[in-house]
Amino acid sequence: MKKLSARRRHPLAAVVVLLLALAATGGLYAAFAPADKAQADETAQSLAIDEGKKLYSVGCASCHGTGGQGTSDGPSLVGVGSAAVDFQVGTGRMPAQQPGAQVPRKKVIYSQAEIDQLAAYISSLGAGPVAPSREDYDPSGADVAKGGELFRTNCAQCHNFTGEGGALTHGKFAPSLEGVSPKHIYEAMQTGPQNMPSFPDTTMTKQNKKDIIAYLDAVNGDKSESPGGLKLGGLGPVSEGLFAWIFGLGALIAVAIWVAARTAKAKKS
């Protein structure tokens, strides 16, 4: 009796083997790819911290200490977070030119990439408020009326009701908010720079912050209009009253003198 020939493989066997191989490959990728990505992110963060430390040693350590612990010339930076770094350095307030009652805004000397590296290093010293994303401070769709109500309640005492700024005590001042980017306004509310109180999310929600940003854009933006005409700096009744006294009363005096002169001349003739 002839030996039975070896069984022929089913036509779909090769397809099944190929699918199993692909499934195994996909499983391996799913198992190792996230780990590779996490490792890459960790490496990038470490590099940013190292570069930030170099920048810090050159531009910040003389006042804030070699480890951010603070000195007699500058406060501790432990726990201030990346939002404070982005605001202070991104508006040119830091590094400060000289000590004083208040550090003013000036030309920015670091690129955004360098600011991010500084923020990464200082954030590594201690957790703090995190710099916001564009979605956090984008005022699109925000409630302008609600923002105006919140601003007048929490901010107008210092910044004026339209954000024009104002004087404080002992040489300090609340700066004008005209031309300040939404990102930096948001970060200022997060961190409370210098004389300003902070408004964390537990005190003022993200949506409330966006509403305030929308209000400021409405009253101080490039397309803002003054329905009352000349706004006299937007400083309220003080500037308006001063204008009335100087120009209004001055005009009345000038008219009175003119009338008196005309009357005297008429009598002589």
How do 176-183, 246-253 rank on mean C-beta neighbours within 10 Å, highest first? 176-183, 246-253
Two-decimal log10 I(q)/I(0) for segment 40-181, as the Debye equation yields it once each C-alpha is a single scatterer, q = 0.18 Å⁻¹: -1.15
Translational diffusion coefficient (Stokes-Einstein; Kirkwood radius from C-alpha pairs) of segment 72-111 at 20 °C, 1.002 mPa s, in µm²/s: 197 µm²/s
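Pairs 106/183; 53/210; 107/172; 107/223: which are spaced more than 28 Å apart, C-alpha to C-alpha?
Too far apart for the 28 Å limit: 53/210.
Bear in mind these aren't lab numbers, they're just calculated from the coordinates by the rules spelled out. Here the structure is a predicted model, which means the values were calculated and not measured. Positions of Cβ are backbone-derived with ideal geometry, glycine not excepted, and every protein chain shown enters the neighbour counts.
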